[in-house]
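Report on the structure given below.
The values are calculated or read from the model by the stated rules, or taken from the named source; none is laboratory data. Note that the coordinates shown come from a computational prediction; the quantities given were computed from them, not determined experimentally. So basically every Cβ, Gly included, is an ideal-geometry build from the backbone, and we count neighbours across all protein chains shown.
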Amino acid sequence: MKLLNSLANLTLQPDWFNKHGRKKDASDECRSLLKLAAKLRERKTDIERQPPLNPDEVWLRWSRSGFGVETLDARQIRTLCVSSTTATKPQVIQACIKRPDILARTGCLIGLINAYFIDWGDIDHQSEIEALIRSSLSKYSKKNPVIGHFKSHSEDLFSPKGPPAIAKTAIEKLRPIRESIKENYVSVNSRYARAVISASIRAYIAYFIAFERRAREGDCIGALSYAIRELLVDESPRLEFCALTEALIMSPIAQNSEAFQKQLREFVMTHDRLGDPRLPKNIASWAMMKQEAGSRFLGWLAKDSILFFFNYILPNNDKNRRRKDFWLEYHEKVRDFQVALSDDDHRRLQAYSRQQDVPSFSRVNHPTASAFLMRFGDEGTGHYVVEFSETGNAAYVFKAQSFKASVGSIRRSSFELKDELKNDSKLGRIIHSTGQWEYKARQQLAVLGIRKW
């Protein structure tokens, strides 16, 4: 519109040209420019008068005519080529094969290519479409930069090896995946893009396994940040998303580096696709990973909660440090757990919880005694152990079935101290008052099948 207005202003220019320019040709040149402006304005008006065609309606009319390409005008052909719902249909492809001039038009060719990206992997006769696109690109003679890029990379982009090729290049240099996708003029919401991300995750898993063997801790943490930022994203297919998460959890660096483990743990716990594996709503996602990965992750969470309970709930003395060290030996075997705070401890930690992340907790209906509940093994054949904050209380051991019958879910918001956490259904107690109580406690747990290794 700015161009048209500028050309229109040339009505003021003939006198100026006559005074300052070549008097002979000034008026003629301005008249030519004004005619051009009038033609452009007329063409713009004609285009505005023509609303876009509905591809479904065009398709219906075309089907009724027996799909004869000669029954379509230029606008109808373009409408079918630029619509992702019709562009890759066999009838449209056959029309383009019969009439090569169709894909000589820039809009039609780009429309077909975009539809190919959108439905990649779910197209009938995809190899035929790929061959058609490559052939059309090789014959394209106009200077469109987007098609120029497609033309230069046609053998890689328009074939089954396209997504793995983009993925390989990105992973080798740890480049942003979505940036690599956009550089190839592919929509990040297309099936083609999802295939690139899937291939990138598979390539990254192999890369990371080899990388961490020789890399320093800081470099591994950097590689983890890359995986979280570029691969564990909303566009990632769930199967590959879980496969990469599993590989990271099971990596040696995750077991040996507290900083690596902390970053990975925080990501998993806050992500909608994963979250706390103890919660029913997250079971389906964790079921897509090996049980060993879920068990290891639960052990990390249990370790955090043990440290929280003994560091912030109990007084810092030798007896409590020994209890903490004892249960830390078993944190990898814990399958579920819960912190339950007394009235006093809850009030005392309110100020702390406003400033830092405190693990989720329940309440004990008691003024001073808090509890830490742990489950070892499954809910059918396993056991619960309940430790208490106040010195002089033994740890109570229950069969899982007995605990479930008398207490119910460990996820409860509150517990009664005497009637539930301390009740007659207990299988036994772990006494902390003897000199070497840890040795006897290990024997008690071993009899129940609970061992730290």
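The table below lists the values:
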{"read-out": "Some residue of the range 162-182 being over 19 Å from residue 226 (Cα atoms) and outside any helix (DSSP H, G or I)", "value": "no"}
{"read-out": "Residues of the range 297-356 satisfying the condition of being in a helix (DSSP H, G or I), under 33 Å from the mean Cα position of the chain (by Cα) and surrounded by fewer than 15 Cβ atoms within 10 Å (Cβ to Cβ)", "value": "352, 353, 354, 355"}
{"read-out": "Members of the range 186-215 that are polar (S, T, N, Q) and buried (at least 18 other Cβ atoms within 10 Å of the Cβ)", "value": "190, 198, 200"}
{"read-out": "Criterion: touching a residue at least 60 places away in the same chain (Cβ under 8 Å), within 25 Å of residue 159 (Cα to Cα) and either in a helix (DSSP H, G or I) or not acidic (Asp, Glu) (or both) - qualifying residue of 187, 200", "value": "187"}
{"read-out": "Test: residue in the range 268-277 that is modelled with pLDDT of 95 or more, surrounded by 21 or more Cβ atoms within 10 Å (Cβ to Cβ) and within 20 Å of the chain's Cα centre (by Cα)", "value": "yes"}
{"read-out": "Complete set of residues in the range 115-131 that are buried (at least 21 other Cβ atoms within 10 Å of the Cβ), of a type in the set (A, V, I, L, M) and either over 20 Å from residue 77 (Cα atoms) or over 29 Å from the mean Cα position of the chain (by Cα) (or both)", "value": "129"}
{"read-out": "Inter-residue pairs, beta-carbon under 7 Å, first in contact (Cβ under 8 Å) with a residue 60 or more places away in the chain and buried (at least 22 other Cβ atoms within 10 Å of the Cβ) and in the range 95-114, second in a helix (DSSP H, G or I) and among the basic types (Lys, Arg), 6+ apart", "value": "none"}
{"read-out": "Filter result (in a helix (DSSP H, G or I) and touching a residue at least 60 places away in the same chain (Cβ under 8 Å)) within the range 401-430", "value": "421"}
{"read-out": "Answer from 381, 391 - the residue that is loosely packed, with under 13 Cβ neighbours inside 10 Å and of a type in the set (S, T, N, Q)", "value": "381"}
{"read-out": "Cβ pairs under 9 Å, 6+ apart, first in the range 298-313 and farther than 11 Å from residue 328 by Cα, second part of a helix (DSSP H, G or I) and of a type in the set (Ser, Thr, Tyr)", "value": "312/352"}
{"read-out": "Residue in the range 258-272 that is under 19 Å from residue 328 (Cα atoms), basic (Lys, Arg) and either out of contact with any helix residue (DSSP H, G or I) (no Cβ under 9 Å at 6 or more places or on another chain) or not in a loop (DSSP other than H, G, I, E, B) (or both) present", "value": "yes"}
{"read-out": "Residue check for residue 418: modelled with pLDDT of 90 or more, of a type in the set (D, E, K, R), in the same structural domain as residue 329 (by TED's automatic domain parsing) and farther than 18 Å from residue 361 by Cβ", "value": "no"}
{"read-out": "Residue that is surrounded by the most Cβ atoms within 10 Å (Cβ to Cβ) [pool: residues in the range 431-453 that are polar (S, T, N, Q) and in a helix (DSSP H, G or I)]", "value": "444"}
{"read-out": "Test result for residue 236, crowded, with 16+ Cβ neighbours inside 10 Å and over 22 Å from residue 284 (Cα atoms)", "value": "no"}
{"read-out": "Residue within the range 225-234 that is over 11 Å from the mean Cα position of the chain (by Cα) and of a type in the set (A, V, I, L, M) present", "value": "no"}
{"read-out": "Test: residue in the range 251-267 that is out of contact with any His (no Cβ under 9 Å at 6 or more places or on another chain), within 30 Å of residue 160 (Cα to Cα) and either at pLDDT 95 or above or of a type outside the set (A, V, I, L, M, F, W, C) (or both)", "value": "no"}
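Residues checked against (1) modelled with pLDDT of 95 or more; (2) among the hydrophobic types (A, V, I, L, M, F, W, C); (3) in contact with a His (Cβ under 7 Å, 6 or more places away or on another chain):
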position	(1), (2), (3)
69	no, yes, no
123	no, yes, no
149	yes, no, no
160	no, no, no
172	no, no, no
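Here's the yes/no breakdown for (1) polar (S, T, N, Q); (2) closer than 30 Å to residue 181 by Cβ:
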| site | (1), (2) |
| --- | --- |
| 230 | no, yes |
| 235 | no, yes |
| 245 | yes, yes |
| 248 | no, yes |
| 253 | no, yes |
| 263 | yes, yes |
| 281 | no, no |
| 291 | yes, no |
